[in-house]
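To keep things clear, I will list the structure first and then write my remarks on it.
Since every read-out is calculated from the coordinates, none of them should be taken as a lab result. The structure displayed is predicted, hence computed values, not measured ones. Virtual Cβ from ideal backbone geometry, glycine too; neighbours counted across all protein chains shown.
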Amino acid sequence: MHSASTLLALGLATAVAAHGNHQQQPIEGPLQSLWYNTLPGDGGTQADSVFSGISTFGRLPYQPCLGHSAIQYDIAFIGAPFDTGTSYRPGARFGPSGIRQGSRRLNLYGGYNVPLATNPFNSWATVLDCGDIPVTSYDNTYALRQIEEGHFHLLTRPPATDASKAGPALAGRTLPRLITLGGDHTITLPLLRSINRAYGPVTVIHFDSHLDTWRPKVFGGSPSDVASVNHGTYFYHASQEGLLRNDTNIHAGIRTTLSGPSDYDNDGYCGFQIVEAREIDTIGTAGIIKKILDRVGTTNPVYLSIDIDTLDPAFAPATGTPETGGWTTRELRTIIRGLEDLNLIAADIVEVAPAYDTNAELTTMAAADVLYEVMSIMVKKGPLSKSGIDAPAEL
Ligand SMILES: [Mn+2]
């Protein structure tokens, strides 16, 4: 990221690029200091106070990336407002806007992450909020195609940093990282389809209270092919489609009831290891971090999918299928910070349904803060080209 003035200049440069040759200069006036304040937390890049103006994730600059392929970034936030794959409480279509609202204060004091000793808002990386992928609420099959193609369009663009260095000498191109704001968990299937087209089968770390590998006949029955793809079965389909890298995937935070012990067998066939939520009582956050690292390794490209119901409903009540006995926000944030050495290529956070939240915005704030840790470890790791990860040459 850049200073406020650089960001403004970048935004204007992009606007000029997008709209032709009209030269735009910053508007000035004799009382400019009264209505345009660039002090952090009292104006900053958007010239709005942190509690006013239009919401973007962490008050990051908004760019209409889907409509303008020249816009470049290293990390982009993108919303997928889909919730017609839910089994219990609907409402996650409002997740992207809710998480943005809950993220307003993230960089009020500048955004420096003390335990990680990095500042994701002021680093080498250009980080943008690209708005939402348009998603129909009337046709699930069509909506999942919209999400896959929108994500793939954003994923396969040259990143802002290091793109020019990724010349013919490199077998593949370096890609930007995307962080998707859900949406119910069904969206992870089209997101993994997009990732698979760019990287091939990928290692998945899945934070959730639920397995989400259920066979359609177990989870909600299977009255139709469309109904068989929902927020409890998408990992089953991902496994069947070969989107998951064999025997490197792991769930963490699991505590749901089952149809029977065979659900765990089926989960193993889908390629997952399980860390139960209650294990934190005996092995602590350090033990859980170690289990995850041992399973996924530090060289594989890793996709991170976070269901907000990993957290106990005391900390995140506004979700589709809450389960008591979960982790605290402190514990989940610590565990995510423990993954800083991994090669995270993309991430999502899902199942935030703001209509069930408290007036204090507990859930959307928790989701925003968890993503702050994700964003921090991505920035701290550096460009993907420096992680030894390039996209396949055929892209
Ligand atoms: Mn869940």
Rounded Å value of the spacing that divides the Cα centres of the range 84-102 and the range 314-378:
14
Along Cα→Cβ, 7 Å out, is where each label goes; now give me the distance between the ones at GLU241 and SER49 in nm to one decimal.
4.6
The range 282-313-the range 172-230 distance, computed between alpha-carbon centres (Å)
17
In Å, the Kirkwood estimate of hydrodynamic radius for the range 260-315 over Cα pairs equals 13.3
Taking the range 55-385, how many lysine pairs are there with alpha carbons less than 28 Å apart, if each pair must be eight or more places apart or span two chains?
6
Quick test of your reading: applying the under-4.7 Å Cβ rule, which cysteines of the chain are isolated?
CYS270
Provide, as a two-decimal number, the C-alpha radius of gyration of the chain over 2.2 N^0.38 Å, N being how many residues it has.
0.96
DSSP beta bridges in the chain, what fraction antiparallel, as a percent rounded to 5?
5
Order of THR174, THR136, THR257 from fewest to most other C-beta atoms within 10 Å?
THR257, THR136, THR174
Mean separation of Cα pairs under 8 Å and 6+ residues apart, divided by the residue count of the range 55-385: what relative contact order is that in percent?
23
Rounded to one decimal in nm, the spacing of the 7 Å Cα→Cβ label points at HIS68 and VAL226 is 3.6
The size of the Cβ-based charge dipole (Lys, Arg +1; Asp, Glu -1) of the chain about the Cα centre, to the nearest 20 debye, is 760
Dividing the mean separation of Cα pairs under 8 Å (6+ apart) by the residue count of the range 141-261 yields a relative contact order in percent of 28
The range 250-262 - phi-based ³J(HN,Hα) in whole Hz, Karplus 6.51/-1.76/1.60, Gly and Pro as x
8, 9, 9, x, 5, 7, 6, 6, 10, 6, x, x, 5
Spin-label pair LYS290/ASP265, simplified geometry with 7 Å Cα→Cβ offset, distance in nm
3.2
Work out Dmax and Rg for the range 93-153 from the C-alpha atoms and quote the Rg first, both in angstrom.
15.9, 45
Neighbour-count ranking [beta-carbon atoms within 10 angstrom, fewest first] of LEU116, LEU34:
LEU34, LEU116
